[in-house]
Structures are given as C-alpha cells and as structure tokens.
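Some notes on the structure that comes next.
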Amino acid sequence: MTTETLARTPLHALHLELGAKMVPFAGYEMPVQYPLGVLKEHLHTRAQAGLFDVSHMGQIRLHGASAAAALESLVPVDILDLPAGQQRYALFTNEQGGILDDLMVANAGDHLFLVVNAACKAQDLEHLRRHLGERCEVESLFDSRALLALQGPAAAEVLGRLAPQAKQLTFMQFTTLELLGVECYVSRSGYTGEDGYEISVPVEQAEALARALLAEPEVQPIGLGARDSLRLEAGLCLYGHDMDSTITPVEASLAWAISKARRADGARAGGFPGAERIFAQQRDGVASKRVGLLPQERVPVREGAEIVDAEGALIGRVTSGGFAPSLGAPVAMGYVASAHGALDSQVFAVVRGKRVPMKVAKTPFVPQRYYRG
C-alpha cells in the first residue's frame, strides 16, 4: 500500500509538526515514535502521562430500545444488565466460536457506544448492520469523531485540570464531559495497564484538545511502538496476532470475558455465535492455550517463533514478543499445547535456529494500576 492510499487521522499534521516517524498501520499513516524514542516514550507513560492518537479505531453507536438485547446476540457478554455509565470488554464470535474482533461497549444512557479495532472496523460495522439492522439503529462515527488516549499515573491530575469530574471516574466508568467547551465521551480505561482515559472528541476539535493536553508538563506524545510494548507488558491481546477468527475465547485465555449470565449455567445461557463449541471447551478443556512466556536469556523472541519441548517437538508458537523496558528483559505471549501450559513449565523458542529456554509465566508481566476508587 503506498502512502497515497493510506488514510490519515485528524491529528496527522500535528504528528508531523512533533517530528513523528510515520508508518502504515491498519490502513492508516500512523506515528510509530517521536524524537523521544520508543524506550523513553514507554517509560514516560509508566512514570507520568502519555498521549496516544487512536483515532484509527472505529467508533459506533447503537440506538433503540432493543439495542442491548440485539448486541447480546453477537457477543458472549452481559449487555442487558450493563449499568448506565459503565463500560465492558466484549468479543464478537463466529459460528465456530472464533473471535472476529474484541471491542469495548459502554452504556451511554440513551445509546450504546462501541470502540472496535481499526483493522476490523469496516467488517464489524457490516456485521452489526447485517445482524442487528432490523432491531436497532447502527450509526458509524468513523468520520465524525477522533479518539485520544491519555495514559499513565499523572493522567487523572492532567485531565482533572480541564474537567474536575474526570477524577471521580473509576476504572471502566464512562461519562460525557465538557473539555474546552466541547462535549466528549470519556471512559477511564486504556490499553497500557496504567490508569488513564480514552476520550472521544468531534474531529473538528481533536487537534485543539490534543494540543491542550500536550501543553501540560507531565504529558508527552507517544507512538505505536510504545503502545505495543506497554500492552505486551500488561499481558493484553492484540487482535490479528494473539487472537483471530480461528481462536476461541477459551483458547485465548479470555474465558473471564464470558459473562456469568451468558455461560452454560447462566440466566441467559448462550444465544451468541459459537456458544456450543465454547461451552464444550469450558467443560472439556482445549488442546492449546495462550500463555505468558519469559525468555531465560537476553534474546528477544518475536512473533512467529516456533515453540518446542525439551525433545524438540513442536508444541506452539509465539504471537507477541519483544523487549519489556519496565523489566529490562524480553517477554512474550504465545500458544502452547495445554500439557505444557502450567506455570513455570520450561519450553524453548527457536530463534535463528537456536533454542532459547523460556518459562511459562503469569500475565500481566508488569502489575496493572487501574484506578478502582
């Protein structure tokens, strides 16, 4: 794809002004890093606050009295009992129980507000319209709203200067706040493992808001490079890498995201695509599952590396891997045969023909610091 055909976010000119190195990502021209560099951007987010442009993500609204019930027919999540002002993590599943995308769903009171992945947003919109079009109104906000993520321990202090109510929110709460005189949707959530916010702002006001946040002394602009290393340390999945349409929530170690009410013994059991296969796996187990991996040598183990046992038999593959700046060591996630999936099991990654010993480890690798009040 040439740069001429890549989409641009409303902050494109600002990224160039800030000296960003731009790369193609999910059909967009996106900042991978700024002059500070990936390592320092990562550590700055953990220490103070980082501002991420995530406007390439898809924002969608569902309107109508049956919107919650309708959405429940596509996700294994309790949407009917999602309180107004709360947000929940959800998964679109297919008939085989595979994951079509992961998303955030917020109850905004008079509508549901969804944020879906950039690479999947066109197909997600079409999926929603095809299956729910008769039952509720599916409104795309792709061209009308930008999305900013303010992440890190100083995020609440910074956003609180623009809207003191922001500090009252707890993890996964959602509200409408006026920022610089503009109505924004704000959730206390993110993709870094740190406290922080995601802020949906009308496209026309996105640059003014970004500049106001960047003017605060604690805030630096952060690119996709550090976004990836932060989410990997936090043990968070990246769609298309750590999960896809061939992998079920149980295999992806995301069974916690299947709400109690929607499980096999729940009040509204099933009723979502692939429910029978997912329930069978919850009952009988799976052949392989996603685990955290700690390489025992200072060798970065990257996505695609084969995982073998002590005898050299293939038992899995790495789906995300790299250097963890907060730990000063490499970390990875991947799929291994369930027999090798117990904590502290030793397995080996094959890196350039050499075997690198790895231990199966708990995620997150770096403790999450969400603000729960």
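Any residue in the range 55-74 that is under 23 Å from residue 193 (Cβ atoms) and more than 19 Å from the chain's Cα centre (by Cα)? Checking the range 55-74: not a single residue is under 23 Å from residue 193 (Cβ atoms) and more than 19 Å from the chain's Cα centre (by Cα).
The C-beta contact set for the range 204-221 (first residue in contact (Cβ under 8 Å) with a residue 24 or more places away in the chain, second residue open to solvent by 60 Å² or more (accessible area, probe 1.4 Å) and acidic (Asp, Glu), distance under 8 angstrom, 6+ apart or interchain) comprises 218/157.
From the list 303, 297, 311, the one residue that fits, being buried (at least 16 other Cβ atoms within 10 Å of the Cβ) and charged (D, E, K, R), is 303.
For (1) surrounded by fewer than 18 Cβ atoms within 10 Å (Cβ to Cβ); (2) part of a helix (DSSP H, G or I); (3) not charged (D, E, K, R), each residue gets a yes or a no:
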{"position": "24", "(1), (2), (3)": "yes, no, yes"}
{"position": "40", "(1), (2), (3)": "yes, yes, no"}
{"position": "44", "(1), (2), (3)": "no, yes, yes"}
{"position": "59", "(1), (2), (3)": "no, no, yes"}
{"position": "62", "(1), (2), (3)": "no, no, yes"}
{"position": "74", "(1), (2), (3)": "no, no, yes"}
{"position": "79", "(1), (2), (3)": "no, no, yes"}
{"position": "110", "(1), (2), (3)": "yes, no, no"}
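So which pairs qualify, if the first residue must be in the range 352-372 and touching a residue at least 60 places away in the same chain (Cβ under 8 Å), the second must be in a loop (DSSP other than H, G, I, E, B) and open to solvent by 100 Å² or more (accessible area, probe 1.4 Å), the Cβ gap must be under 6 Å, and the two must be at least 6 apart or on different chains? Partner pairs satisfying both residue conditions: 359/344; 360/343. Among the residues making up the range 119-136, those that are under 18 Å from residue 30 (Cα atoms) and crowded, with 21+ Cβ neighbours inside 10 Å are 120, 121.
Taking every residue in the range 286-308 that is under 14 Å from residue 232 (Cβ atoms) and modelled with pLDDT of 95 or more and pairing it with any residue that is among the polar types (S, T, N, Q) and outside any loop (DSSP other than H, G, I, E, B), at least 6 positions away or on another chain, the pairs with Cβ-Cβ distances below 9 Å are 290/319; 302/320; 303/319; 303/320.
Condition check ((1) surrounded by fewer than 19 Cβ atoms within 10 Å (Cβ to Cβ); (2) free of Cβ contacts under 8 Å to residues at least 12 places away in the same chain; (3) hydroxyl-bearing (Ser, Thr, Tyr)) across all residues:
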{"position": "138", "(1), (2), (3)": "no, no, no"}
{"position": "149", "(1), (2), (3)": "no, no, no"}
{"position": "153", "(1), (2), (3)": "yes, no, no"}
{"position": "169", "(1), (2), (3)": "no, no, no"}
{"position": "174", "(1), (2), (3)": "no, no, no"}
{"position": "186", "(1), (2), (3)": "no, no, no"}
{"position": "189", "(1), (2), (3)": "no, no, yes"}
{"position": "194", "(1), (2), (3)": "no, no, no"}
{"position": "202", "(1), (2), (3)": "yes, no, no"}
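Considered as a group, the residues in the range 255-265 that are assigned to a loop (DSSP other than H, G, I, E, B) and aliphatic (A, V, I, L, M) include one that is most open to solvent (accessible area, probe 1.4 Å), and that residue is 264. Hey, residue 157 hits all of (1) open to solvent by less than 20 Å² (accessible area, probe 1.4 Å); (2) touching a residue at least 40 places away in the same chain (Cβ under 8 Å) but one; which does it fall short on? It is condition (1) that residue 157 fails.
The values are calculated or read from the model by the stated rules, or taken from the named source; none is laboratory data. Keep in mind the model is a prediction, meaning the values are calculated, not measured. As a convention, Cβ positions derive from the backbone with ideal geometry for all residues, glycine included, and neighbour counts pool all protein chains shown. For accessibility, only protein heavy atoms count, side chains too; no ligands or nucleic acids. Shrake-Rupley method; radii C 1.70, N 1.55, O 1.52, S 1.80 Å.
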